[in-house]
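The values are calculated or read from the model by the stated rules, or taken from the named source; none is laboratory data. Computed from a prediction, not measured in an experiment: that's the story for all the values here. When we count neighbours, we look across all protein chains shown, and the Cβ atoms used for this are built from the backbone with ideal geometry, even at glycine. These area figures cover heavy atoms from the full protein model, side chains too; ligands, DNA and RNA do not enter into them. Shrake-Rupley method; radii C 1.70, N 1.55, O 1.52, S 1.80 Å.
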Amino acid sequence: MRNPATIAWLIGGFALVALPCCQTTRNDAGVAARLCHDLCGLDAGPDRRVRPETAREAQAIAATAVRAARDIAREFRVAGPAWFHNCLVNTRVRERGLCWQYMEEMYLRLAPLEPRSFDLRCGVRDAGSLFYEHHCVIVTARGRPFGSGLILDPWTHGGRLLVIPVAREPWRWAEDPDFRAYLHDRYRRQRSGGGA
């Protein structure tokens, strides 16, 4: 065990597992402000004016999503990059932390806001692909097409919220209405005290 390369690999592996990557950064306020601005843009009128209700709801969604991304990663005890944490989940070293589990938690934390200006939807990228399938909450203006929405991705950067317009994503995203119906039903049961 005197091989320096082996020792370096062991130290590096320990650091990935031991150091959480979900510590709060000063950038959270900036991410929330940009997300709020982008959400307002989804529902702006032809004159680019934003209704006060839309602005209030956009601010609440943005603040909740940024905070939820951090909290979820902390609860999942995220270690290392997303692909590494997936390995920990798949080998049962960690219980949760796959992208669809992040989507579940994000949806269930945004649903109580019950926005009237926006729709919370579930999206899947490259469904069925072993390495590229990915799940996220997508927010659209109320009644607008899925492709006009914003992807809220807390998984890729392990608790730092990544926001991408669906229309600008090079990957193929599709709506998953069945997953959304399942999550909305879970939210309704929780709200009525029926549990998960």
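Observations on the model:
- The label-point distance for residue 96 and residue 71, in a model that sets each label 7 Å from Cα toward Cβ, rounds to 1.2 nm.
- Three-way shape call for the stretch 93-196 based on the alpha-carbon gyration tensor, with the a/c threshold at 1.5: oblate
- Average accessible surface for the chain: 57 Å² per residue, computed with a 1.4 Å probe over protein heavy atoms with every protein chain in place.
- Under the criterion of Cα pairs below 8 Å and six or more residues apart, the relative contact order for the stretch 98-140 equals 43 percent.
- The candidate values are (i) -0.50, -0.58, -0.94; (ii) -0.38, -0.47, -1.08; (iii) -0.45, -0.53, -1.04; the one derived from this structure for log10 I(q)/I(0) by the Debye sum over Cα atoms at q = 0.10, 0.11, 0.16 Å⁻¹ carries the label (iii).
- Against the main long axis of the alpha-carbon atoms of the chain, helix 177-191 sits at an angle near 90°.
- Relative contact order of the chain, pairs being alpha-carbon contacts under 8 Å that are 6 or more residues apart, as %: 20 percent
- Surface share of carbon and sulfur [accessible, 1.4 angstrom probe, percent] for the stretch 72-196: 52 percent
- Packing, taken as the mean count of other beta carbons within 10 Å per residue, orders the peptides 89-96, 113-120, 174-181, 56-63 from highest to lowest as 56-63, 113-120, 174-181, 89-96.
- For the stretch 62-111: rounded, prolate or oblate by the Cα gyration tensor [a/c cutoff 1.5]: prolate
- Counting 0.36 nm for each residue step from residue 37 to residue 181 and taking away their Cα separation leaves a gain of 49.1 nm.
- For the stretch 78-100 and the stretch 134-174, distance of Cα centres in Å: 21 Å
- Computed helical MRE - 222 nm, the chain, DSSP H runs ≥ 4 contributing -39500 (n - 2.57), nearest 500: -15000 deg cm²/dmol
- Neighbours of residue 76, meaning other residues whose beta-carbon lies under 10 angstrom from its beta-carbon, give a summed charge of 0 when Lys and Arg score +1 and Asp and Glu score -1.
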